[in-house]
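Beneath this line is the structure, given in structure tokens, with notes to follow.
The values are calculated or read from the model by the stated rules, or taken from the named source; none is laboratory data. Since the structure is predicted, the reported quantities are computational estimates derived from the model, not experimental observations. When we count neighbours, we look across all protein chains shown, and the Cβ atoms used for this are built from the backbone with ideal geometry, even at glycine. Heads up: the accessible areas ignore ligands, DNA and RNA and are worked out on the full protein's heavy atoms, side chains in. Shrake-Rupley method; radii C 1.70, N 1.55, O 1.52, S 1.80 Å.
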Amino acid sequence: MSERLKVSPVRFSSDLEEIPPGEPKTAREIADTMLSIAEKTYADSGHAMRAVHAKSHGVLEARMEVISGLPDELAQGIFARPDTYEAIIRLSTTPGDLLHDSVSTPRGMAFKVLDVEGDRLSGSVGSQSQDFVLVNARTFNSPGAEAFLRSLKLLAATTDRLERTKEFLATVFRGAEAALEAVGAESVTLKTLGGHPVTHILGERFFSQLPLRYGDYIAKLEVAPASENIKALAGVILDTDDSEVIRHEVVRFFKTETAIWDVNVQLCTDLDAMPIEGIAPWSEDQSPFVTVARLIAEPQAAWNDARVTAVDDGMHFSPWNGIVAHQPLGAIMRLRKLAYERSAAFRSQRNPVPVTDPRVCPWK
């Protein structure tokens, strides 16, 4: 891929963001609300969990291979030169409590690239990794700070309550969502409340949803199935008579098979049409996603006690854990920083295994 891109990306500048006066207060409220979810589940279980994405469905050892011959606009940050990095992948769903898989919510993929070089973001100076946090939806579920806070308060109010009711409502919401999708529409709200189709997590495309600095430029990220075996799982519906069906299918797959995902970048080419603020998807006609690396996970035990302890208890994944060249951008990204820090500290202070940042895969 030595030819130049057919798009002209916007250069990153530190003056692209304006922080409104009330944002620090909103950030504290969001962090307090997220922490209340963790406090509720800790009070019930005696074990500190993530405030969101508490339930993991697979913990994978992987490697990320950066493609050679990238044009200058794509050879940025940790993708600046061909290299192979160790990586750890965590597959999850969004709620802060551990629900039956029939309460089907959006899926998440977080991956941690280990032992990277570069100037560190504030708050991650002691780390040596780069985290990317993605969800299988192109747009974030709240259009702005106040809506983000309202949605978190709703999530906090329903955490660990009425699981049977949640299972019933999820069935209703899935039916309503299916009806919308049949006419070419969808509802982020219905999916978030449990109406997401009960699909195989390995067939999903995952998105950063929000922009980040991409070295000299600005981008959004996507991780998409590349190998035919996981492409074939797109849209496959699972049987939720099994409350842990998502995890069981991930474990079954990795007993014998290798998964390969493309790591794709969509460069910002027009700040008016592709703004940093707001949640509207950027046009792929104007700037398509382009592959810069591949994530490869070979056959392995995708779930066991050692991995769950090391990752669910002993690690955190945050868009703010990384290098300056991949700084998260925009209000929603800024508002997540304090919440992620406090959530990790809450787990670290209460569980036997403290939250740390590994330089190598801890179970190798």
| query | Of the labelled options (i) 24; (ii) 5; (iii) 9, which one gives percent of Cα pairs over 39 Å apart as computed for this structure? | reply | (iii)
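Which value results for Rg/Rh of the stretch 200-291 when Rg is the Cα radius of gyration and Rh the Kirkwood radius based on the inverse mean 1/r?
Numbers: Rg = 16.4 Å, Rh = 15.1 Å.
Ratio of gyration radius to Kirkwood radius for the stretch 200-291: 1.09.
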| query | HN-Hα J couplings of the stretch 201-211 from phi, Karplus 6.51/-1.76/1.60, θ = phi - 60°, integer Hz, Gly and Pro as x? | reply | 5, 6, x, 7, 9, 10, 10, 5, 6, 10, x
| task | Give a residue-ordered list of calculated ³J(HN,Hα) values for the stretch 87-93 (Karplus: 6.51 cos²θ - 1.76 cosθ + 1.60, θ = phi - 60°; whole Hz; x for Gly, Pro). | result | 8, 10, 10, 10, 9, 8, 10
| Amide proton proximity set for R120, modelled H, under 5 Å, gap of 5+ | V324
| Under Karplus coefficients 6.51, -1.76 and 1.60, residue-wise ³J(HN,Hα) of the stretch 300-315 in Hz, glycine/proline x | 5, 7, 6, 7, 7, 4, 5, 5, 5, 5, 5, 9, 5, 9, x, 10
| Quick one: length gained pulling V324 to D239 fully straight, 0.36 nm per residue minus the C-alpha distance? | 26.3 nm
| Among K231/K337; K112/K220; K6/K220, which pairs are too far apart, with a Cα-Cα distance over 23 Å? | K231/K337
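Can you send over the carbon and sulfur percentage of the accessible area for the chain, probe radius 1.4 Å, protein chains only? Write out the running numbers ahead of the final one.
Working: 8130 of 15530 Å².
Whole-percent figure for carbon plus sulfur exposure: 52.
So if I take the alpha carbon set of the stretch 248-364, get Rg, then get Rh from the Kirkwood formula, what is the Rg over Rh ratio? Could the numbers behind the result be given before it?
On the way: Rg = 18.1 Å, Rh = 17.5 Å.
Here Rg/Rh amounts to 1.03.
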| Taking the Cα-to-Cβ direction at W363 and at L98 and moving 7 Å from each Cα, how far apart do the two end points lie in nm? | 1.5 nm
| Which of the lysines could be linked to K40 by a straight reach, that is with a Cα gap under 19 Å, when you skip same-chain ones fewer than 8 residues away? | K55, K153, K166
| message | Could you report the chain's accessible area per residue, 1.4 Å probe, as an integer in Å²? | response | 43 Å²
| query | Can you list residues whose amide H is under 5 Å from N304's amide H, if they're 5+ apart or on another chain and H is modeled 1.01 Å from N? | reply | none
